[in-house]
Structure formats: C-alpha cells, structure tokens
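Below you'll find the structure, written out as structure tokens, and then a few comments.
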Amino acid sequence: MIEARTRAWWRATLALCLGSFLVFINLYAPQPLLPGLKETYAVSTLGVSLLMSVSTLSLAIALLVFGPLSDAIGREAIMRITLLLAGGCSLALAFAPTFESLLVLRLVQGFVLGGLPAVAIAWMGDEFEKPALLSAVGLYIGANSLGGISGRIVGGAAAEVGGPTAAFLAVGVMTLIGCVVFWRLLPNSRAFTPQRFELRKAAADLLGHLRTPVLLAAYCLGGINFLIFINQYSYITFRLADEPYQLAASGLGLIFLTYLGGTFGSMISGRLAGRFSPAACMMMGVIILMLGTAITLADSLVLIIVGLSVNAFGFFLAHSLASSWIGRYAQGARGSASALYLVFYYVGASLGGFWLEPFWRWAGWPGVSVGSWLLLSITLMIAFGLWRFERRQTVSCISD
C-alpha cells in the first residue's frame with residue numbers, strides 16, 4: 001500500500017490530478033460559449049444548456065458501465081483509453097456543422113469522459129493506505145476545479161479569437177498532449193484483485209450500496225448540491241451577458257476563476273475534517289453555499305464574484321468529504337460504490353436546468369436563488385443526519 005507523502009504517492013496523485021484536470025477541461029469548455037451559441041442557433045436558454053446537460057447525463061450513464069467493469073478488468077486501461085477518446089471528441093466538435101451534431105458529439109464525449117472519474121477514487125482506495133487516501137482525494141477534487149476553471153477560460157479566450165471552432169481545437173490539443181504525460185506518470189496497480197464480471201453481481205452490488213443509508217445519504221447530498229452549484233454558473237452567464245454587464249465570452253470565462261475558492265476548499269477539507277468531523281464539515285459547506293448564493297443577489301459585479309467564490313468554497317468542501325465518505329463506508333465493490341456517487345452527482349447536474357428554468361423565467365436571478373435555497377435546505381438536513389450518525393459511531397466506539 002502506498003503511504004502518504006512518499007515519492008510513489010506524489011507520482012500517483014499527480015497523474016490522477018492531471019487526468020482529472022483534463023476531464024473537466026473538456027466537460028466545461030462550452031459553458032462560457034452558451035450565450036453566444038444561444039444567439040447563433042436561435043435556441044432557448046434551456047435548449048442551449050442541453051450542451052452541458054447531455055454530456056453530464058451520458059457521463060453519469062458511463063459511470064454505471066466503467067465502475068463495475070473496472071472491478072473486473074482493472075482500472076488503468078479504462079482511464080488511459082477514455083481520456084484519449086475524449087480529446088478526439090473535442091477535435092471533432094470543432095468541425096460540427098449543426099447544433100444537432102454538437103449535441104450528439106457532446107453526448108458521446110460525456111460517455112468517454114466518464115472513464116476516469118468512475119475509477120480514479122476506487123484506484124486510490126485499492127493502492128493507498130487510509131491516511132493517504134483522504135489527502136489524495138482532496139487534491140484530486142481540487143484538480144477537478146482547476147480543470148473546470150481552465151476549460152472555461154481557454155474556451156472563452158479562444159472563442160474571442162476564432163469562435164467555438166478555435167475553442168474546441170485548443171481544448172482537444174491540450175488534452176492529447178496531457179494524455180502522453182498521464183500515460184507515463186500513472187503507475188501500474190499492485191494491490192488490485194480482479195473479480196469476475198457478472199451482471200447479476202454488479203447489479204446486486206449497486207443495490208447493496210443504495211440500501212446502505214449512510215451511502216445513500218452521501219449520494220443524495222453530492223447530487224443535489226451539484227445540481228444547484230453547476231447550473232447556477234450557467235444562469236449567471238446569461239445574467240452577466242445581458243445589461244448592464246454585457247460581458248463577452250472571454251469575460252464570462254474569467255468568471256470561472258471563482259472556482260479557485262473551490263480548489264482551496266478541497267485542499268483543506270482533510271485538515272478541517274480531522275479537526276471537526278467529515279459530516280460537520282459537510283454541514284458547514286452547505287451553509288457556506290447558501291450564504292454565497294445570497295451574496296450574488298447584489299448588483300455589484302465585484303460582490304457577484306465574491307458570492308460565486310464563496311459558493312465554490314462551500315460546494316467543494318462538502319463534495320470532497322462526501323466523496324471520501326464513500327471510500328470509508330463502502331463494504332466491498334469500491335469501484336461501483338464510487339461510480340454510483342458520481343452517477344447521482346452528474347444526474348443532478350443534468351437535471352438542474354429543468355429545476356431552475358421555471359425559477360429563472362419567474363424572477364430571473366433572484367428566482368434562481370430561491371430555487372437553490374429550497375434544495376440546499378434538504379442537503380443541510382441530510383448532512384445533519386450524517387453528523388448524528390458519526391456521533392453515535394463515536395459513542396459506540398468509546399463504550400466498547
């Protein structure tokens with residue numbers, strides 16, 4: 001087992017962070033382009049948002065395939081091959097002739113992007129000692145946010161120069177170069193024990209995870225939080241592209257620098273969880289996310305940016321700890337357990353537009369905030385329930 005802070009730990013963690021970075025560059029590059037694509041193709045806000053929704057939905061479906069499959073055939077090949085295919089999809093997107101073809105390619109790309117997220121945390125669970133796992137997961141999820149930032153900035157900046165074609169070409173080339181480094185850095189598994197793939201057993205594993213209350217609660221918390229967080233960014237681009245802000249694609253891309261608050265939240269999540277508790281920090285993350293949403297109601301662009309940064313910190317703090325919670329409490333079949341968390345996570349993202357669109361039509365951004373608070377109050381109650389479970393576990397251990 002790989003120990004924390006050793007050379008092997010740093011190499012493996014760096015490889016997985018790079019892979020995560022590349023996945024999320026590809027997934028989120030179109031987001032700052034949405035207002036422009038809406039005008040170009042004369043579609044509604046909900047219609048153009050499908051470019052994000054179809055990819056996150058197909059990614060969620062892919063997790064159900066790659067997670068159980070990785071328990072049978074191993075994890076490295078899945079991560080390497082799907083990452084390469086994702087870069088190829090970005091290059092193909094650059095030459096898509098119609099909006100419908102964009103949607104189809106994003107659907108395919110979302111599926112292959114699911115390969116690495118489906119198995120990366122399970123790979124760490126196999127190879128790392130438990131103290132090493134918590135820190136590695138925090139850094140890995142921090143790389144998620146950096147990839148999300150970079151994809152939107154690169155996409156927005158390239159679109160200013162050469163339109164969406166340039167944006168997708170830039171992301172595709174970056175991904176293919178990154179794949180070469182990823183393949184060289186990622187070490188081969190030493191602790192993985194293959195299990196014969198059986199559809200009935202895979203389904204039984206998934207049902208077993210769903211029937212475990214402490215896992216199901218974490219799945220729902222991650223999925224609902226992400227439903228709100230990621231779709232708030234889609235609707236804030238429509239708000240900021242309109243008067244009085246009228247930001248161009250490059251300016252909208254820079255808005256996603258607020259994800260750096262999430263990078264910081266992920267990186268300190270392990271330290272905070274050690275001082276307080278994972279569930280207490282999940283509650284803290286949800287409360288911070290609700291507070292950040294309130295700040296974004298201000299008219300000042302500076303305060304909107306502050307609010308988005310606060311949102312990112314709170315969301316990624318809760319997300320990092322919910323992810324590691326699965327690794328701690330899953331009993332066997334960790335690949336499918338981690339994949340199931342991400343299924344909830346990305347299904348939430350794909351449904352967020354349908355939840356928030358009526359609030360947007362009703363009252364614009366204040367309506368989106370109301371819709372956000374309604375669901376965040378549910379995840380706050382879920383986190384409180386996990387905190388009570390932790391306390392009972394602690395009391396039980398002391399009594400024993």
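Being closer than 21 Å to Ser189 by Cα, among the aliphatic types (A, V, I, L, M) and touching a residue at least 24 places away in the same chain (Cβ under 8 Å) is a condition met by no residue of the range 43-55.
Restricting attention to the range 2-53 and to residues that are outside any helix (DSSP H, G or I) and farther than 23 Å from Met267 by Cβ, the residue that is nearest to the chain's Cα centre (by Cα) turns out to be Ala29.
None of Leu63, Leu46 is more than 19 Å from Ala158 (Cα to Cα) and open to solvent by 10 Å² or more (accessible area, probe 1.4 Å) except Leu46. Considering Leu185, Leu254, Leu199, the condition of being surrounded by 15 or more Cβ atoms within 10 Å (Cβ to Cβ) and more than 30 Å from Met290 (Cα to Cα) is satisfied by Leu185 alone. The number of residues in the range 257-282 being without any contact (Cβ under 8 Å) to a residue 12 or more places away in the chain and not in a helix (DSSP H, G or I) comes to 1.
For every residue, the table says whether it meets (1) among the hydrophobic types (A, V, I, L, M, F, W, C); (2) in contact with a Lys or Arg (Cβ under 9 Å, 6 or more places away or on another chain); (3) open to solvent by 20 Å² or more (accessible area, probe 1.4 Å).
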{"site": "His319", "(1), (2), (3)": "no, no, no"}
{"site": "Ala333", "(1), (2), (3)": "yes, yes, no"}
{"site": "Pro358", "(1), (2), (3)": "no, no, yes"}
{"site": "Trp362", "(1), (2), (3)": "yes, no, yes"}
{"site": "Trp365", "(1), (2), (3)": "yes, yes, no"}
{"site": "Ser372", "(1), (2), (3)": "no, no, no"}
{"site": "Ile378", "(1), (2), (3)": "yes, no, yes"}
{"site": "Ala383", "(1), (2), (3)": "yes, no, no"}
{"site": "Trp387", "(1), (2), (3)": "yes, no, yes"}
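Look at (1) out of contact with any helix residue (DSSP H, G or I) (no Cβ under 7 Å at 6 or more places or on another chain); (2) on the phi < 0 side of the Ramachandran plot and you find that Thr82 fails only one, number (1). Taken together, Ser266, Ser234 contain a single residue that is small (Gly, Ala, Ser) and in contact with a His (Cβ under 9 Å, 6 or more places away or on another chain), which is Ser266.
The values are calculated or read from the model by the stated rules, or taken from the named source; none is laboratory data. Keep in mind it's a predicted model, so treat the numbers as computed, not measured. Ideal geometry is used to build each Cβ from the backbone, glycine not excepted, and the neighbour counts take in all protein chains shown. Just so you know, the surface numbers come from the protein's heavy atoms only, side chains and all, with ligands and any DNA or RNA stripped out. Shrake-Rupley method; radii C 1.70, N 1.55, O 1.52, S 1.80 Å.
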